[in-house]
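Quick notes on the structure that follows.
The values are calculated or read from the model by the stated rules, or taken from the named source; none is laboratory data. Note that the structure is a prediction, hence the values are computed from the model and not measured. Quick reminder, even Gly has a Cβ in these numbers, built from the backbone with ideal geometry, and neighbours come from all protein chains shown. Keep in mind that these areas ignore ligands, DNA and RNA; they rest on the heavy atoms of the full protein, side chains included. Shrake-Rupley method; radii C 1.70, N 1.55, O 1.52, S 1.80 Å.
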Amino acid sequence: MSEIPLTPEEEMESGLSRKQFVAAVGLGAIAAPVVAGAMTGPASALQGQDLPLACTPGGSTTIAQTEGPYFKPNSPLTSNIVPAGASGTKLTVTGRVYSRSCKPLVKVLLDFWQADNAGNYDNYGFKFRGHQFTDANGAFSLTTIVPGLYPGRTRHIHVKLQAPNRPILTTQLYFPGEPRNQTDTIYDPRLLMNVQTVPGGRTASYEFVLNVP
Ligand SMILES: [Fe+2]
């Protein structure tokens, strides 16, 4: 399925309230905001990563992007969104979620969805859809495949993030070196993951910074 250019209405769809989002993923009340201790600072998490991914205290927060036409509420609670028997190049996406002051944020909801290896979204079930929460170190890990291409878009993964009692951030993650990064009008290099080829597939990482003090 292709992802058509976005209308203003679709842009507005990303303005889902926290209440709606919590309901959407089938969760009840989320615990009060908890900020992890400073034992695990951003410096250690950023080793070996490019500067655009770094969290700088008081620096930029992760930018929002449209959710597009294929978000579905009620995704399963899982960090592995690969259905049995799926084809594709294995991809593990890891990273952390930080506050503006670069403290790791725990219990942040991350809801991922993406196309399969053929560039199709599962609009009937929940293949390649799933949500998880950051751990005590503000870290997450997603087991998936490299998403396929479909007309009109470069390669990307969709995600919604929500720290406890905070607004939702809807955005997308991108892959370096993709030819269509040059022509996709939604693409933004600030959302490039650090991608490595490893035995058996690829790894990618991204450091999110939410507008949390
Ligand atoms: Fe998409």
For the range 165-173, 3J(HN,Hα) per residue [Karplus equation, 6.51 cos²θ - 1.76 cosθ + 1.60, θ = phi - 60°, Hz, x = Gly/Pro]: 6, 10, x, 7, 9, 9, 8, 9, 10
Virtual spin-label span in nm between Ala136 and Arg190, 7 Å along Cα→Cβ: 3.4
On the formula 1/(1 + (r/R0)^6), with r taken between the Cβ atoms of Thr78 and Gln182 and R0 of 45 Å, the FRET efficiency rounded to 0.05 is 0.85
Share of the range 143-213's accessible area from carbon and sulfur, percent, 1.4 Å? 53
Per residue accessible area of the range 62-213, 1.4 Å probe, in Å²: 39
